[in-house]
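Undergrad: Sharing a structure, written as C-alpha cells. Questions coming.
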Amino acid sequence: MTRTLLLSVGLIISYFLTGILRRYAKPLKLVDVPNERSSHVIPTPRGGGLVFTSVFLVIFCYLVIKDNLNPFINLFFIFAASITAGIGLLDDRHNMSAKTRFVCHMVSVTILLFAVNYKLNIINELWLMMFLFLSGLWMINLYNFMDGIDGLAAIELLTIGAILLLLMTIVPDNSQLLMPIALMMCCVGGFILWNWAPAKIFMGDIGSGFIGFFFFYLILMSNMSLLTWAILLAGFWVDTTYTLIYRVFTKQKWYQAHRSHAYQKLAIRWSSHAKVSISLAIINIVWLFPLSVASVVLPSFKWLLVFIAISPLLAFCIYIKAGKPDK
C-alpha cells in the first residue's frame, strides 16, 4: 500500500468514523454540557479525538514496522502517546482528577525522553533534560487550554503542519518526519469537517492532549532550533503562558476551567468562533511562517526574530485583558 493511499485512507476513515462516533456520543457518555465557563451554549458530543488519534496510531505503527522507520523511538512514542490519549479519553468520560492526569502526562513525557536520548544521545545536560521534561508537560496542557472554541486546535495543527512540511525542505535531516506530519494532518483533516463552527463534535482532551504530545515528539526529533519552534507555536503558547501568569499573580484559581484566554475573549467580542480560527491561520501563515524561515536562514538573529514574533501577540493579550475574569 503506497503512502499516498495510506494518507487518503487516514482522511476518509477519520471523517466517516467521526460521524459515527457523533451519533453514539450520548450512550458513550461523551457529551460536553455547557456551563458558565464554556464557549458553547448547547450540549455537544466530545471525544472526537478518539477517532483521529486511533487512526493515526494504527497507520503509523504499520508504517514503522513495515518500512523500519526508526522503530525503537517510534514504538516508544506510540506507547507513550497511547497513555496520553488514554487518560484524555478517561477524562472526557469521567472528569479525572488533575493529579491523575498530571502523573500520566509525566509518565508519557519520561518514556519519550528516555527513548529519544537513549537512541540519539541528544541530551547531555541535566538542565536541558529538565527543561525538555517541563516543556513536554506544558505542550500537552497548553494545547488542552487552547482547545476552547470550534476549529481552533485543529486549524493550528493543519497550518503548522503545512508550514513544517515546507520548512523541512530547507532544514537537513528531517525527512523521517514528513510522513507522520502528513498523516496527522490527514487524520485531523477528516475531523475538522465536523469540528468547524458551528461544531458538531469536539476533539476533547483525548485529541488536544495527543496533538500537544505529537508536537513535543516533533520538537525532539526534528533538526530545528528550539527558537524556531518558539516562533512557529507562538500563536498558542503566548496566549496560554500570559493568561496563566496573569491568573497566578492575581490570585485566581488558575487550575480551574475558565474562558479568559485571549482567543476566548475575542470569540465573545466577535460573536464568531470561525473568525478567530481563521485569524489564527492567517497569523501562522502570514506572520509566523516567514519569521520561522528567517530563523533558519539567519540563525544568528534567532533571538531577535523570536522577540519580533511574540511582541504583537503579547501586546494583543494585554490589550484584550487576557486572564481577567468576565464581569
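Undergrad: Might you let me know whether the range 241-257 holds any residue that is in contact (Cβ under 8 Å) with a residue 12 or more places away in the chain, among the β-branched types (Val, Ile, Thr), part of a helix (DSSP H, G or I) and surrounded by 16 or more Cβ atoms within 10 Å (Cβ to Cβ)?
TA: Checked the range 241-257: at least one residue is in contact (Cβ under 8 Å) with a residue 12 or more places away in the chain, among the β-branched types (Val, Ile, Thr), part of a helix (DSSP H, G or I) and surrounded by 16 or more Cβ atoms within 10 Å (Cβ to Cβ).
Undergrad: Can you run down the residue pairs with Cβ atoms below 8 Å, 6 or more apart or on separate chains, where the first is in the range 169-187 and under 17 Å from Leu57 (Cβ atoms) and the partner is of a type in the set (Ser, Thr, Tyr) and not in a helix (DSSP H, G or I)?
TA: Within 8 Å, the pairs are Leu177/Ser222.
Undergrad: Somewhere in the range 253-262, is a residue of a type in the set (S, T, N, Q) and modelled with pLDDT of 95 or more? Walk me through it before giving the result.
TA: Taking the range 253-262 as the starting set, the residues that turn out to be of a type in the set (S, T, N, Q) are 256, 260.
Pick out the ones that are also modelled with pLDDT of 95 or more and you get none.
The answer is no; no qualifying residue exists.
Undergrad: Which of the residues spanning the range 194-233 are surrounded by 20 or more Cβ atoms within 10 Å (Cβ to Cβ) and in a loop (DSSP other than H, G, I, E, B)?
TA: If the condition is that a residue be surrounded by 20 or more Cβ atoms within 10 Å (Cβ to Cβ) and in a loop (DSSP other than H, G, I, E, B), then Ala199, Ile201, Phe202, Met203, Ser222, Met224, Leu233 are the ones that fit.
Undergrad: List pairs: first residue in the range 151-162 and more than 15 Å from Trp229 (Cα to Cα), second residue not in a helix (DSSP H, G or I) and not aromatic (Phe, Trp, Tyr) anywhere in the structure, Cβ distance under 8 angstrom, at least six positions apart or on different chains.
TA: Listed by first residue and then by second, the contacts come to Gly151/Ala197; Gly151/Ala199; Ala153/Asp147; Ala153/Met203; Ala154/Met203.
Undergrad: Among the residues of the range 17-34, which ones are touching a residue at least 24 places away in the same chain (Cβ under 8 Å) and in a helix (DSSP H, G or I)?
TA: Correct list: Leu17, Thr18, Gly19, Leu21, Arg22.
Undergrad: Just wondering, is there one or more residues in the range 121-138 that are in contact (Cβ under 8 Å) with a residue 12 or more places away in the chain and of a type in the set (Asp, Glu)?
TA: no
Undergrad: Identify, by number, the condition in (1) within 20 Å of Leu152 (Cα to Cα); (2) outside any helix (DSSP H, G or I) that Phe289 doesn't meet.
TA: Phe289 satisfies all of (1) within 20 Å of Leu152 (Cα to Cα); (2) outside any helix (DSSP H, G or I) except (2).
Undergrad: Another question about this same structure. Filter the helices (runs of 4 or more DSSP H) completely within the range 67-178 down to those with at least 3 residues that are farther than 30 Å from Arg3 by Cα and at pLDDT below 90.
TA: It comes to 126-146.
Undergrad: Applying the selection to the range 258-282, what residues are outside any helix (DSSP H, G or I) and surrounded by fewer than 21 Cβ atoms within 10 Å (Cβ to Cβ)?
TA: Result: His258, Arg259, Ser260, Ser271, Ser272.
Undergrad: Something else about it: Yes or no: Phe52 farther than 30 Å from Lys265 by Cα, assigned to a helix (DSSP H, G or I) and either of a type in the set (Ser, Thr, Tyr) or out of contact with any strand residue (DSSP E or B) (no Cβ under 6 Å at 6 or more places or on another chain) (or both)?
TA: no
Undergrad: Take the residues in the range 145-193 that are closer than 18 Å to Leu291 by Cα and among the polar types (S, T, N, Q), then tell me which one is surrounded by the most Cβ atoms within 10 Å (Cβ to Cβ).
TA: Only one residue tops the list, namely Thr159.
Undergrad: Separate question: If you go through the range 137-153, how many residues are aliphatic (A, V, I, L, M) and in contact with a Gly (Cβ under 8 Å, 6 or more places away or on another chain)?
TA: Qualifying residue count for the region: 4.
Undergrad: Checking the conditions here, which among Phe72, Phe60, Phe16 is of a type in the set (Phe, Trp, Tyr) and buried (at least 20 other Cβ atoms within 10 Å of the Cβ)?
TA: Numbers: Phe72 fails: buried (at least 20 other Cβ atoms within 10 Å of the Cβ); Phe16 fails: buried (at least 20 other Cβ atoms within 10 Å of the Cβ).
Matching residue, one of Phe72, Phe60, Phe16: Phe60.
Undergrad: Collect the residues in the range 150-184 that are closer than 19 Å to Ile282 by Cβ and not aliphatic (A, V, I, L, M), keeping them in residue-number order.
TA: Selection gives Asp150, Gly151, Glu156, Thr159, Gly161.
Undergrad: Going residue by residue through the range 311-324, is there one that turns out to be of a type in the set (D, E, K, R), more than 12 Å from Thr228 (Cβ to Cβ) and out of contact with any Asp or Glu (no Cβ under 6 Å at 6 or more places or on another chain)?
TA: Scanning the range 311-324 turns up at least one residue that is of a type in the set (D, E, K, R), more than 12 Å from Thr228 (Cβ to Cβ) and out of contact with any Asp or Glu (no Cβ under 6 Å at 6 or more places or on another chain).
The values are calculated or read from the model by the stated rules, or taken from the named source; none is laboratory data. Note that the structure is a prediction, hence the values are computed from the model and not measured. As a convention, Cβ positions derive from the backbone with ideal geometry for all residues, glycine included, and neighbour counts pool all protein chains shown.
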